[in-house]
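Here the structure is laid out as structure tokens; the discussion comes afterwards.
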Amino acid sequence: MQPFLIALQFLTSLPVRLSGMPRPEQVGRSLLYYPAVGLIIGALLWCVAQVIESAATPLQAAVLLTVWVALTGGLHLDGLADSADAWLGGFGDRERTLTIMKDPRSGPIAVVVLVLVLLLKFVALWSLLDEGQLQVLLLAPVLGRAALLGLLLTTPYVRPGGLGQALAEHLPRAAVRGVLIALAVLCLLLGERGWLALLIAAGIGVLARRAMSRRIGGTTGDTAGALLELTECGVLVALALQL
């Protein structure tokens, strides 16, 4: 239960209290529950969608996106902003890129990227809700967090210290592979939308990992957060374009 609560506390703004200081092994095992946390977020969004279903579709999309950001505390958007600033301002240099990611301030490129990602999410949600495609509220959060499993399973963690290092060092690799395989099979069983969402998530993961490896030799907490946001956005947009 403790690893699940660790995942829930870290990935959401829900009021979760741990019974004590988590051990590194528990932090590592918490990664197995990231997709489950995504499912909880998706289920809460689904409930909100049911409550506001009589509202105009643009308003539904705006409310759902607001709740979505609130449920995560903007954690991954912060990582996306830091990564955007670092990728532009780093000029291809590893150490400069890592230094910029540690800067809490956000530059113009970070603001632009955040606005574009949130705009794409909003319009994609609008289109999907207009067609009654509520299953995307479950698919996108689950695949976004599953992308982190794939990233940490295959990519070195390059910034010493913190939660990210504990996750990487104590990652139960065999169990993580099992979770990823189970999620892939489940997506395939969902039909065309399921395999399309899986394909998009995998494609974004491969491209993002390649960019991280070339620039900084691995991943950090910020780039992991950026991957999650880009995966969610990519899944939403891809499914909306299929309508």
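Quick one: net charge of ARG214's neighbours, Cβ under 14 Å, K/R +1, D/E -1?
On the way: positive: ARG94, ARG209, ARG210, ARG215; negative: ASP93.
After counting each charged neighbour, the total is +3.
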- Placing +1 at every Lys and Arg Cβ and -1 at every Asp and Glu Cβ, with all other atoms neutral, what dipole size does the stretch 115-235 have around its Cα centre, in debye to the nearest 20? 500 debye
- Amide H contacts under 5 Å for THR219, restricted to residues at least 5 apart in sequence or on another chain and with H modeled in the peptide plane, are TYR157, VAL158
- Item | Sequence ranges 135-141, 13-19, ranked by mean other-Cβ count within 10 angstrom, highest first | 135-141, 13-19
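If packing is taken as the average number of other Cβ atoms within 10 Å across a peptide's residues, how do 185-194, 23-32, 144-153 rank, most packed first? Write down the numbers at each step before the final one.
On the way: 185-194: 13.8, 23-32: 19.5, 144-153: 23.4.
With the highest mean Cβ count within 10 Å placed first, the list reads 144-153, 23-32, 185-194.
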- Message: Let me understand the stretch 33-153 better: what is its radius of gyration from the alpha carbons, and its Dmax, in angstrom?
- Response: 16.3, 51
- Query: Along the positive direction of the dipole of the stretch 145-243 (beta-carbon charges: Lys, Arg +1; Asp, Glu -1; about the Cα centre), which of ILE216, ALA168, ALA240 reaches farthest?
  - Reply: ILE216
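What's the carbon and sulfur percent of the stretch 1-241's accessible surface, probe 1.4 angstrom, rounded to a whole number? Spell out each step's value before the answer.
Working: 7590 of 11240 Å².
That share works out to 68 percent.
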- Task: Under 11 Å from the Cβ of SER106, count the other residues' Cβ atoms, weight Lys and Arg +1, Asp and Glu -1, and hand me the total.
- Result: -3
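Which of the helices in the chain meet the span-like rule: DSSP H, Cα axial reach of 20 Å or more, Kyte-Doolittle mean at least 0.5?
Length and hydropathy pass: 34-51, 57-72, 108-130, 136-154, 173-189, 192-216, 221-241.
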- Just check the stretch 88-154 against the gyration tensor rule for me: Cα atoms, a ≥ b ≥ c as the square roots of the eigenvalues, rounded for a/c under 1.5, and otherwise prolate or oblate depending on whether a/b exceeds b/c. oblate
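Probe of 1.4 angstrom, ligands and nucleic acids ignored: what's the accessible area per residue over the stretch 39-139, in square angstrom? Let's see the in-between values first.
Details: 5050 Å² over 101 residues.
I get 50 Å² per residue for the stretch 39-139.
Could you order peptides 50-61, 230-241, 114-125 by the average number of other Cβ atoms within 10 Å of their residues, highest first?
Numbers: 50-61: 13.1, 230-241: 22.7, 114-125: 17.7.
Top to bottom by mean Cβ count within 10 Å: 230-241, 114-125, 50-61.
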- Task: Compute the signed sum of charges (Lys and Arg +1, Asp and Glu -1) over the other residues within less than 11 Å, Cβ to Cβ, of LEU128.
- Result: 0
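The values are calculated or read from the model by the stated rules, or taken from the named source; none is laboratory data. Every value quoted in this text rests on a predicted model; they were computed, and no experiment measured them. For neighbour counting, all protein chains shown are included, and Cβ atoms are generated from backbone atoms with ideal geometry for every residue, glycine included. Only protein heavy atoms, including side chains, enter the accessible area calculation; ligands, DNA and RNA are left aside. Shrake-Rupley method; radii C 1.70, N 1.55, O 1.52, S 1.80 Å.
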